[in-house]
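Just so it is clear, none of the values below were taken in a lab; they were calculated from the coordinates. Predicted model, so just to flag it, every value in this text is computed and none were measured. Note that we place each Cβ from the backbone using ideal geometry, even for glycine, and neighbour counts take in every protein chain shown.
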Amino acid sequence: MMRSILAGLTEFALTLVVVAAVILAVLVPVALSQPDAGEVLRLFLLGPFGTMRHVGNILELATPTMLTGLAATLIFRAGSFNLGIEGSFFVGGIAATAAALLLPLTGFIAAPTAIIVGALFGSLACMVPGYLKVRFGASEMVNSLVLNFAFLYAGVFILNYFLRDPNAGALMSYRLPADFGLDRIMQGTRLHTGVIVAFAACIIGGIWLYGTRGGLNLRIVGLGPGFAQHLGLNTSALIMRAQIAGGLIAGMAGAIEVLGLYNRFSWVALPGHGWTGITVAILARENPFLVIPAALFLAYLQVGGDMLARNLAVPSEVVGLVTAAIMLAVTATAIFRHPAFLRLIRDIKGEEQAA
Amino acid sequence: MEDAIPIVAFDKVAKTYPNGTVALSDASFGIRKGSIHAICGENGAGKSTLMKILFGLESPSAGQVMLDGAAVNTVTPDFAGRHGIGMVHQHFSLVPSLTVVENIILGHEPKRGVLIDARRARDEVIALARRYELDVPPDARIETLSIAAQQKVEILKALSRETRLLILDEPTAVLSPPEIEELFSRLRDLRDSGLTILFISHKLHEVRALADTVTVLRAGQVVDTCPLAEVSDAEITRMVMGRDVDVSRRQRQAANAPVLLELKNVSTAGNDPADRLTDISLTIRADEIVGVAGVDGSGQRGLAAVLSGLMALSTGTISFAGTDMTRASTAQWRRAGLAYLPADRFTQGGTPALSLMENAIAGTDGDPAIQWGPFLRRGAIRSRVQAMVREFAVRTRGIGERLDSLSGGNAQKLIAARELAGAPKLLLADQPTRGIDVASAAFLHGRIDAVARGGAAVLLITADLDELLRLADRVIVLFNGRIVADLPNKTDLTPAALGPYMLGLETAA
């Protein structure tokens with residue numbers, strides 16, 4: 001037990017070292033091109049913790065990606081690479097908008113109802129490729145990728161012909177009724193109650209995955225399909241259930257994002273939080289508990305980058321570059337299978353035990 | 001010859017792993033040039049550590065390896081290749097989709113500029129095959145070859161770099177008796193042409209048939225090294241085990257117990273001959289062990305698959321304990337009392353990336369002793385799995401470790417502990433003791449016998465004919481997906497007698 005914790009810590013420490021090295025390698029050249037190089041580094045690394053408002057921004061940015069990260073985790077754990085999460089997120093947003101505009105609800109049930117509607121419709125975008133995979137063996141990755149755009153344009157069509165406010169200056173929906181908005185929970189930020197849902201969902205997801213029979217069976221299906229068959233587990237049903245659950249969570253994320261942040265629906269392109277969720281899931285090594293810090297970490301990088309772009313003449317693309325480089329380094333698990341690294345870990349472990 | 005310098009000598013070699021495991025202590029012995037030297041010992045006796053050290057994959061914590069009398073540092077790049085040491089592993093390391101030539105030259109391709117010189121490579125391989133009289137089709141893809149032919153390719157690959165010492169790790173586990181005979185005669189020719197061969201085996205009669213000298217390892221120590229002419233089988237067994245073992249045949253309680261399993265005219269359609277069955281009719285009674293013999297890929301896999309719901313029949317019927325199971329799913333077979341020890345322990349029998357605990361309780365859905373609603377009860381699971389590990393003597397570093405931290409034999413014991421829990425009514429055992437040491441194999445044999453005595457029907461598929469004859473009450477032989485012989489296991493039945501049926505030369509069904 002002690003040994004596996006130590007090994008885990010060593011790996012985590014290595015990840016940190018790699019991340020730090022990458023940040024420095026990408027950021028230092030950028031900083032040196034500025035008159036005050038120290039200020040660039042300070043702003044990027046410490047700026048996000050400077051004020052409560054910026055901390056709130058981190059939490060606000062991490063809210064949708066925690067949920068989409070959790071959705072991606074469940075789907076990847078079933079051994080499928082369904083990218084419908086992005087589509088689910090978008091559909092969840094527009095379905096919640098439609099519910100808010102069309103359902104005559106008021107009071108405290110209004111927002112939850114719209115979120116549930118968003119989740120249900122959103123899950124379609126994951127369910128369809130999942131079903132095609134289970135039923136016909138069609139590649140869920142290709143199907144979901146293509147379907148995401150089908151769902152996007154179907155959504156834009158609905159927005160344009162049914163929900164569009166002709167008096168608004170651009171393509172956007174009617175104003176959402178106030179009862180459907182989520183409560184703000186931090187002064188001076190747009191942080192809303194959705195963040196509590198996101199934290200709770202990840203923790204419940206983690207307990208489910210590691211502490212219940214269903215979670216164990218899902219992990220068996222993902223890690224050892226042959227073993228699952230041998231045991232007589234209903235593999236197709238388990239895979240399908242994971243797609244549906246992932247789609248529900250991603251749809252819920254989209255609904256929460258729209259209801260929590262905006263008073264009109266105005267997405268005419270895929271918002272990208274689903275893609276980020278996939279990144280988060282990989283960064284979190286498909287562990288729902290680690291989805292929380294992974295999403296917060298990416299949000300922290302994003303806020304730091306925004307501050308650079310706003311306060312100094314650093315292009316905002318730089319943060320994209322940094323994030324991409326970090327992902328590349330962290331996901332290259334091949335690095336950790338490298339004999340030299342393994343030897344290093346073994347030596348460290350040996351020393352720790354000798355001590 | 002006696003005073004010649006040994007080609008390889010181990011001088012007080014010891015290996016202690018960082019976690020404190022002592023794999024080898026003070027191992028000293030020499031290997032005479034131009035001999036076949038066998039190494040015997042149970043799993044965990046230190047054989048593989050010794051080979052890793054000789055092959056340059058690990059460094060000894062103390063002591064020295066000497067080549068031709070000179071101490072060498074084995075942990076240098078390409079040590080084995082440079083010193084002419086080639087190894088054939090128990091699990092082949094060939095790339096199935098590449099051709100024989102491509103596999104053999106892999107890693108040391110003859111080049112012309114930056115390109116591989118394909119013609120020279122092919123010529124070299126053909127010359128190599130001719131020189132060692134190991135005939136292989138140079139342009140065939142590996143996946144199209146039989147296991148025996150693949151092994152020849154492995155041996156050629158190991159010989160392809162001016163090899164002086166050839167190491168063979170359990171080379172006979174996958175072969176039929178005539179194929180083993182052929183392999184042995186090739187190996188004797190190789191020795192006579194001057195090659196030194198190191199032969200690792202659990203099987204005493206093979207060591208006896210092939211080797212000149214034997215070194216016995218037990219618990220990381222060399223028990224003795226001596227010429228085979230000077231020791232009896234019983235003495236070697238005692239050295240390997242540290243005690244005498246009982247290797248008598250199983251005694252059945254009653255021959256007329258009711259029929260449990262009945263297959264009528266079962267056929268399957270499969271692309272792979274290993275899955276294909278043609279018109280199989282078979283009955284197994286309670287307290288009966290039916291052994292399945294046959295060259296690898298004769299339909300054994302298909303037989304196990306139809307009896308566990310993993311493959312559909314194209315024609316025929318199956319009934320079990322009076323219920324029609326022709327179209328039963330794996331879950332239905334499980335509910336009917338199926339226990340299954342699959343040949344592939346790490347993809348079917350368990351999942352390497354999950355812990356021992358998780359592997360041990362997989363498939364026990366809804367068991368109230370370890371589950372509370374949907375939640376798994378950690379404490380109850382921990383104590384149950386600890387009891388399983390203790391009962392089946394699984395050597396572990398802890399039940400929270402991953403399954404692939406176990407050796408093959410220990411993983412199999414854990415899988416057996418899971419599958420044999422409860423009271424199975426039908427046991428499918430596919431190569432239950434392949435690659436497992438004598439003591440563990442004897443233990444598993446006892447368990448399989450006990451399951452039969454408990455009133456179960458047992459189907460034992462094995463390439464180990466000694467195991468087959470020891471356990472089975474009846475032996476069927478598969479050839480090309482058909483039952484070509486159905487023989488009661490009387491004392492006059494021997495591996496040699498089964499050979500002609502396995503090769504399809506005779507039938508007795």
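With N set to the number of residues, divide the alpha-carbon radius of gyration of the range A:22-148 by 2.2 N^0.38 Å and report two decimals. Let's see the in-between values first.
Values: Rg = 20.6 Å, N = 127, 2.2 N^0.38 = 13.9 Å.
Computed over Cα atoms of the range A:22-148, the ratio equals 1.49.
Using helices alone, I'd like the mean residue ellipticity at 222 nm for chain B: each DSSP H run of four-plus residues gives -39500 (n - 2.57), total over residue count, nearest 500.
Values: 16 runs with 154 residues, N = 509.
Using -39500 (n - 2.57) per qualifying helix, the result is -9000 deg cm²/dmol.
Using only Cα atoms and rounding to the nearest 10 degrees, what angle (0 to 90) does helix B:438-453 make with the longest principal axis of chain B?
10
Under the definition of Cα pairs under 8 Å and six or more residues apart, what whole-number percent is the relative contact order of chain B? Write down the numbers at each step before the final one.
Values: 1000 pairs, mean separation 75.4, N = 509.
Once divided by the residue count of chain B, the mean separation gives 15 percent.
Counting Lys and Arg as +1 and Asp and Glu as -1, each charge on the Cβ, what is the dipole of the protein assembly as shown about the Cα centre in debye, to the nearest 20?
Details: 76 positive and 76 negative charges, 368 e Å.
Roughly 1760 debye for the protein assembly as shown.
I need the calculated FRET efficiency for the pair B:Thr323 and B:Asn256, taking r as the beta carbon distance and R₀ as 25 Å, to the nearest 0.05. Present the calculation step by step, with values, prior to reporting the outcome.
Working: r = 22 Å, r/R0 = 0.87.
About 0.70, to the nearest 0.05.
Can you put A:Leu145, B:Leu444 in order, fewest other beta carbons within 10 Å first? Could you put the intermediate results ahead of the total?
Details: A:Leu145 17, B:Leu444 23.
Least crowded to most crowded, the residues run A:Leu145, B:Leu444.
Work out the charge dipole of the range A:56-312 with +1 on the Cβ of Lys and Arg and -1 on the Cβ of Asp and Glu about the Cα centre, then indicate which of A:Met141, A:Leu101, A:Val117 is farthest towards its positive end.
Ranked along the dipole, the leading option is A:Met141.
Given labels modelled 7 Å from the Cα in the Cβ direction, how far is it in nm from B:Gln64 to B:Thr491?
Between B:Gln64 and B:Thr491, the simple spin-label model gives 5.5 nm.
Scan chain B and hand back the longest stretch that contains none of the trypsin sites (Lys or Arg not before Pro) lying in DSSP loops with at most 11 other Cβ atoms within 10 Å. All intermediate terms of the calculation are to be shown ahead of the outcome.
Values: sites that count: B:Arg243, B:Arg327, B:Lys490.
The segment B:1-242 is the longest one with no such site.
At a threshold of 8 angstrom on Cα-Cα distance, excluding pairs fewer than six apart, so keeping six or more, what relative contact order does the range B:351-422 reach in percent?
Relative contact order for the range B:351-422 comes out at 42 percent.
Under a no-solvent Debye model with one identical scatterer per Cα of chain A, what's log10 I(q)/I(0) at q = 0.07, 0.08, 0.09 Å⁻¹?
-0.34, -0.44, -0.55
Top mean-square fluctuation among A:Leu248, A:Leu120, A:Leu105, Gaussian network model of chain A, C-alpha springs under 10 Å?
Sorting by GNM fluctuation, first place goes to A:Leu105.
Ratio of alpha-carbon Rg to the 2.2 N^0.38 Å globular estimate for the range B:8-241, to two decimals, please.
Details: Rg = 18.1 Å, N = 234, 2.2 N^0.38 = 17.5 Å.
Scaled against compact globular proteins, the figure is 1.04.
Rounded to a whole number, what is D in µm²/s for the range B:1-127 from Stokes-Einstein with the Kirkwood radius over alpha-carbon pairs (25 °C, 0.890 mPa s)? List each step's numbers first, then the result.
Details: Rh = 17.0 Å.
Approximately 144 µm²/s, per Stokes-Einstein.
Within the range B:152-180, whose backbone N sits under 19 Å from a point 7 Å along Cα→Cβ of B:Ile126?
Correct set: B:153, B:156-157, B:160.
So what's the back-of-envelope 222 nm ellipticity for chain A, counting only DSSP H runs of four-plus at -39500 (n - 2.57) apiece and dividing by all residues, rounded to 500? Spell out each step's value before the answer.
Values: 15 runs with 264 residues, N = 355.
Helix contribution divided over all residues of chain A: -25000 deg cm²/dmol.
What are the lysines whose alpha-carbon lies under 30 Å from the alpha-carbon of B:Lys490, with same-chain residues fewer than 8 places away excluded?
By straight Cα distance, B:Lys490 reaches B:Lys203, B:Lys264, B:Lys413, B:Lys425.
Measure off 7 Å from each Cα along the Cα-to-Cβ vector at B:Ser314 and B:Thr225, then give the distance between these two points in nanometres to one decimal.
Roughly 5.6 nm, to one decimal.
Calculate the length of the line joining the C-alpha centroid of the range A:77-113 to that of the range B:360-376, in whole Å.
Each part reduced to its Cα centre gives a spacing of 34 Å.
When all C-alpha to C-alpha distances in the protein assembly as shown are sorted into bins of 20 Å, what percent of pairs does each bin hold, rounded to whole numbers?
For the protein assembly as shown, the binned pair fractions read 13, 36, 34, 15, 2, 0 percent.
With both bridge residues required to lie in the protein assembly as shown, what share of the DSSP beta bridges run antiparallel, to the nearest 5%?
Details: 47 of 83 bridges.
Within the protein assembly as shown, antiparallel bridges account for around 55 percent of the total.
Rank the residues A:Tyr300, B:Tyr132, A:Tyr161, B:Tyr17 as a footprinting-exposure proxy: fewest other Cβ atoms within 10 Å of their Cβ go first. Write down the numbers at each step before the final one.
Values: A:Tyr300 22, B:Tyr132 19, A:Tyr161 8, B:Tyr17 13.
Ranked by crowding around the Cβ, least crowded first: A:Tyr161, B:Tyr17, B:Tyr132, A:Tyr300.
Counting pairs of alpha carbon atoms under 8 Å apart in space and at least six apart in sequence, what relative contact order in percent does chain A give?
Details: 576 pairs, mean separation 111.9, N = 355.
It comes to 32 percent, rounded to a whole number.
Tilt of helix B:118-132 relative to the longest C-alpha principal axis of chain B, in degrees (0 to 90, nearest 10)?
Its long axis makes an angle of about 90 degrees.
Kindly point out which whole DSSP H helices in chain A project their C-alpha atoms 30 angstrom or further along the helix axis while averaging a Kyte-Doolittle hydropathy of 1.0 or above. Intermediate values should be presented prior to the final figure.
Details: long enough: A:2-32 (44 Å, 2.20); A:52-77 (36 Å, 0.76); A:110-136 (39 Å, 1.35); A:235-261 (39 Å, 1.37); A:288-311 (35 Å, 1.10).
Going by DSSP H runs, the hits are A:2-32, A:110-136, A:235-261, A:288-311.
Cross-link candidates for B:Lys12: which aspartates and glutamates have Cα within less than 19 Å, leaving aside residues fewer than 8 places away along the same chain?
Within reach: B:Asp26, B:Glu58, B:Asp68, B:Asp224.
If you line up the long axis of helix B:147-159 against the longest principal axis of chain B, both from Cα atoms, how many degrees apart are they, to the nearest 10?
For B:147-159 against chain B, the angle is about 20 degrees.
Run the reach check for B:Lys157 against lysines, Cα to Cα strictly under 19 Å, same-chain hits fewer than 8 apart removed. What comes back?
Those lysines meeting the cut-off are B:Lys52, B:Lys111.
Please report, in whole Å, how far the alpha carbons of chain B spread along each principal axis, starting with the longest.
69, 51, 51
Each label point is 7 Å from the Cα along the Cα-to-Cβ direction; what then is the distance between the points at A:Ile204 and A:Phe136, in nm?
Distance between label points: 3.4 nm.
Which cross-chain or sequence-distant (5 or more) residues have an amide H under 5 Å from the amide H of B:Ile461, H modelled 1.01 Å from N in plane?
Here the answer is B:Val292, B:Ala429, B:Asp430, B:Gln431, since their amide H atoms fall under 5 Å of that of B:Ile461.
Using 10 Å bins from zero, what percent of all Cα-Cα pairs in the range B:351-422 falls into each bin?
21, 57, 21, 1
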